[in-house]
Amino acid sequence: MRKMMSSVIGGFTILLLSACGSKDAAESDSGAMAVQGVTDTEILLGSHTDLSGPTAIWGVGSINGARMRFDEVNAAGGIHGRQIRLIVEDQGYQVPRAIQAANKLLHRDKVFAIIFALGTQINNTVLPSQMEAGIPNFFPYTGARSMNEPFHRLQFTQRGVYYDEIRAGFSYSVSTLGKKSPCVVYQDTDYGYENHDAVIDQAAEMNIEIVATAAHKPTETEFTATVLRLRNAGCDVVFMGTVHRDTVLILEAARKMGWDSVSFVGNDVTYGDVVAHLQSGASEGFSAFGHIAELYRDDDLSDEVIAWYDRYAERFGEKPVVAAIEGYRGADIFITALERAGKELTHDSLITAMESITDYEDMFGYKLSFGPNDHKGVSESILSVVENGRWVTKAESVSY
């Protein structure tokens, strides 16, 4: 399966490479150096994300949050006299559509940078050509290791790494909760493999045997046989390389067969209201290790956060989910870097400015740090557990 996917990706990448030809700067008619996507009055950014497909809950939320912050700074006069304009393309979480969208943004729109591109497989496919074109990739909506490894000067992230989150969850479950018979269920995708590898690697480091593993297609909808096999294997904790949809289906299958002696543990992708709010109660006790905790209006929030929460709800007609927080924060970090980069904006000046942000703290209380050799931003996880239909934070700064 991995070989077949790599072959398909290679074909798509060639298509994207053939369209490449943009440079960081080109000489204008007057002899001055012009930077793609930057004029005296505007900074043009692009995003290809899922606004209509299976992960639209993340795509819509992150773009809404980003637009909200960009609109705020534009209303206040912009950055060094320039307005920020964001062009968003809906790729529906599909690789072919993402390639078309990226080509448009890079070569027709000629954006200065790509921001909030969604999807592990999609970023893995598009990034080689984007890097060849010299266009930076900021804050992709994926926690894949490939967004940070190997290090690339044009890539920055601001979210937890799935691999790290699952390893942290494994270590915590064994060392703190005393689990002895771990299992893993995961999608047969690049994303799923990262979670599977995390479980295997952490088990080897802690000298613990994996009792059972189970893989499934992203489109699979029936998990009774899978859950039965895991139960019969004697698992006392199941680590999940799943997304919202299959997470819910697996939890419901376990509930229906009365398997309540096991713990289910996921990463950032399994974290969301759609999982916590199951009317059946199947998600009660479900744990997730992520980088941002869900907000509730009746939490002990600061006045600043409450005001932001209400502005978002009024503008978009719904409460801000984790994706909205991440989008707003990512836009704010980007704005901070633009301010530090100064009036003479280039890709080099922006990257140098980003690397100077070593002590950023957002209004929600999260801290991030970057540096010349560290574009990762986040290095620790937050443990949240579903209790009475909502997420409750149980531990912070968890690592392995």
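Is it the case that VAL248 is of a type outside the set (Asp, Glu), within 22 Å of ASN388 (Cβ to Cβ), touching a strand residue (DSSP E or B) at 6+ places or on another chain (Cβ under 8 Å) and not assigned by TED's automatic domain parsing to the domain that holds ILE57?
So VAL248 fails the test.
Would you call GLU344 more than 22 Å from the chain's Cα centre (by Cα) and over 30 Å from ALA34 (Cβ atoms)?
Spelling it out, it is not the case that GLU344 is more than 22 Å from the chain's Cα centre (by Cα) and over 30 Å from ALA34 (Cβ atoms).
State whether one or more residues within the stretch 22-30 are loosely packed, with under 15 Cβ neighbours inside 10 Å and at pLDDT 95 or above.
no
Among the listed residues ALA215, ALA293, ALA225, which satisfies the condition of being free of Cβ contacts under 8 Å to residues at least 12 places away in the same chain and small (Gly, Ala, Ser)?
ALA225
Checking TYR360 against (1) touching a strand residue (DSSP E or B) at 6+ places or on another chain (Cβ under 6 Å); (2) more than 21 Å from VAL73 (Cα to Cα), which test does it fail?
The number of the failed condition is (2).
Return the residues of the stretch 31-55 that are surrounded by 18 or more Cβ atoms within 10 Å (Cβ to Cβ) and at pLDDT below 95; say none if nothing qualifies.
Correct list: THR55 only.
Out of the stretch 333-386, which residues are closer than 30 Å to ALA276 by Cβ, surrounded by fewer than 17 Cβ atoms within 10 Å (Cβ to Cβ) and of a type in the set (Lys, Arg)?
Hit for the stretch 333-386 is LYS367, nothing else.
Under 7 Å by Cβ, and 6 or more places apart or on different chains, what pairs join a residue from the stretch 252-276 that is free of Cβ contacts under 8 Å to residues at least 24 places away in the same chain with one that is of a type in the set (A, V, I, L, M, F, W, C)?
none
Out of all the residues in the stretch 59-87, which are part of a strand (DSSP E or B) and crowded, with 21+ Cβ neighbours inside 10 Å?
If the condition is that a residue be part of a strand (DSSP E or B) and crowded, with 21+ Cβ neighbours inside 10 Å, then ILE79, ILE84 are the ones that fit.
Do any residues in the stretch 179-194 that are in a strand (DSSP E or B) have Cβ atoms under 6 Å from those of residues that are surrounded by fewer than 22 Cβ atoms within 10 Å (Cβ to Cβ) and at pLDDT below 95, where the two are at least six apart or on different chains, and which pairs are they?
From the stretch 179-194, the pairs are GLN187/PRO218.
Spot the failing condition for THR219; the list is (1) over 16 Å from TYR400 (Cβ atoms); (2) of a type in the set (Val, Ile, Thr); (3) not in a loop (DSSP other than H, G, I, E, B), and only one is missed.
With (1) over 16 Å from TYR400 (Cβ atoms); (2) of a type in the set (Val, Ile, Thr); (3) not in a loop (DSSP other than H, G, I, E, B) applied to THR219, the lone miss is (3).
For the stretch 305-331, which residues satisfy the criterion of being surrounded by 19 or more Cβ atoms within 10 Å (Cβ to Cβ) and within 20 Å of the chain's Cα centre (by Cα)?
Scanning the stretch 305-331 gives PRO320, VAL321, VAL322, ALA323, ALA324, ILE325, GLU326, GLY327, TYR328, ARG329, GLY330, ALA331.
Look at the stretch 84-129 and say how many of its residues are under 24 Å from ARG329 (Cα atoms), touching a strand residue (DSSP E or B) at 6+ places or on another chain (Cβ under 6 Å) and of a type outside the set (A, V, I, L, M).
5
Taking the stretch 251-265 as the search range and keeping residues that are in a helix (DSSP H, G or I) and of a type in the set (A, V, I, L, M), which one is surrounded by the fewest Cβ atoms within 10 Å (Cβ to Cβ)?
Per the stated criteria, the residue is ALA253.
Please give the number of the condition SER171 fails out of (1) buried (at least 23 other Cβ atoms within 10 Å of the Cβ); (2) in contact with a Ser or Thr (Cβ under 9 Å, 6 or more places away or on another chain).
Result: SER171 passes all but (1).
Within the set of pairs 6 or more residues apart or between chains, which connect a residue that is over 10 Å from ALA98 (Cα atoms) inside the stretch 121-133 to a residue that is part of a helix (DSSP H, G or I) and small (Gly, Ala, Ser) with Cβ atoms less than 7 Å apart?
Matching pairs, first to second residue: ASN124/SER146; GLN130/ALA102.
The values are calculated or read from the model by the stated rules, or taken from the named source; none is laboratory data. None of these values were measured; they are calculated from a predicted model. Here the Cβ is made from the backbone with ideal geometry for all residues, glycine too, and neighbour counts use every protein chain on show.
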